[in-house]
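As structure tokens, the structure follows; a few thoughts come after it.
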Amino acid sequence: MKNISILILILALVSCSQEEITRIDLTKDVVQVINIKCEKHRQIDFYLDCDIEFAEHPNMVLDFEFYQGQQQLLKGGLDPLNCSNLKNESKVVTNGTTRWKFYGKLEGNFIPPADTIFSIYPTLVKNNTKNFKIYKMDLVFVR
């Protein structure tokens, strides 16, 4: 009986786990597209894997465009530093400079309206102050 209980617990944990679909490096200065085969109503969440350094809090917008074939479904932007459920967070301030690393969930999600391939164009728009450095900024797609 104990073995059956353990097996049920393991199956429950595995079924609740999230699957990383892909990640995209937002530090590249080229237009990038992610083509994702989606299942109708199976939600996709967005996470940020981030490592930055700044003297002033940076102004940034993560712009998204979602397409089904040639049809644009939606377009919008959000603050990529406004994440929840931060994991592995490290924030160190030295001589007025902040080094901030974290992995966190971005606001919102995408719930596909059909079983098909969707194209997502993410673009990071940021200020270019001299004390702002991006060591890592990956957009992570999770199902």
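Each value in this text was obtained by applying a stated rule to the coordinates, not by laboratory testing. Keep in mind that what you see is a predicted model, and the values were worked out from it rather than measured. Note that each Cβ is placed from the backbone with ideal geometry, even for glycine, and that neighbours are counted across all protein chains shown.
Each residue of the stretch 110-116 is assigned a 3J(HN,Hα), and the resulting list reads 10, 10, x, x, 7, 7, 6 Hz, derived from the Karplus form 6.51 cos²θ - 1.76 cosθ + 1.60 (θ = phi - 60°), x at Gly and Pro.
Among 124-132, 73-81, how do they line up from the highest to the lowest mean number of other beta-carbon atoms within 10 Å? Before the final figure, lay out each step's value.
On the way: 124-132: 12.3, 73-81: 14.8.
So the peptides 124-132, 73-81, ranked by packing, come out 73-81, 124-132.
Pairs of lysines in the chain whose Cα atoms sit within less than 16 Å of one another amount to 13, provided the residues are eight or more positions apart or on different chains. Each residue, Asp29 and Val125, gets one label point 7 Å from its Cα in the Cβ direction; the gap between the two is 1.8 nm. As a proxy for reagent exposure, Ile120, Ile36 were ordered by neighbouring Cβ count within 10 angstrom, fewest first; the result is Ile36, Ile120.
Mean separation of Cα pairs under 8 Å and 6+ residues apart, divided by the residue count of the stretch 19-142: what relative contact order is that in percent?
Values: 291 pairs, mean separation 60.9, N = 124.
Reported as a whole number, the value is 49 percent.
Given a Förster distance of 22 Å, report the FRET efficiency between Glu39 and Asp63 from their Cβ-Cβ distance, rounded to the nearest 0.05.
Working: r = 25 Å, r/R0 = 1.16.
Once the sixth-power term is evaluated, E becomes 0.30.
The slack in the chain from Gln70 to Ile111, taken as 0.36 nm per residue of separation less the alpha-carbon distance, amounts to 12.9 nm. For the chain, the longest principal axis of the Cα atoms and the long axis of helix 2-16 meet at an angle of about 50 degrees.
Can you put Phe46, Phe66 in order, fewest other beta carbons within 10 Å first? Please list the in-between numbers first.
Values: Phe46 21, Phe66 17.
In increasing order of surrounding Cβ atoms, one gets Phe66, Phe46.
Going by how many other beta carbons lie within 10 Å of each one, how would you line up Val93, Val30, Val140, fewest first? If you can, show how the numbers build up before the last one.
Values: Val93 10, Val30 5, Val140 19.
Result, fewest neighbours first: Val30, Val93, Val140.
Label positions at Lys136 and Glu19, each projected 7 Å from the Cα along the C-beta direction, are separated by 2.4 nm.
All Cα-Cα separations within the chain were binned at 5 Å from zero, giving a P(r) of 2, 9, 16, 20, 16, 12, 9, 7, 5, 3, 1, 0, 0, each value a whole percent of the pairs.
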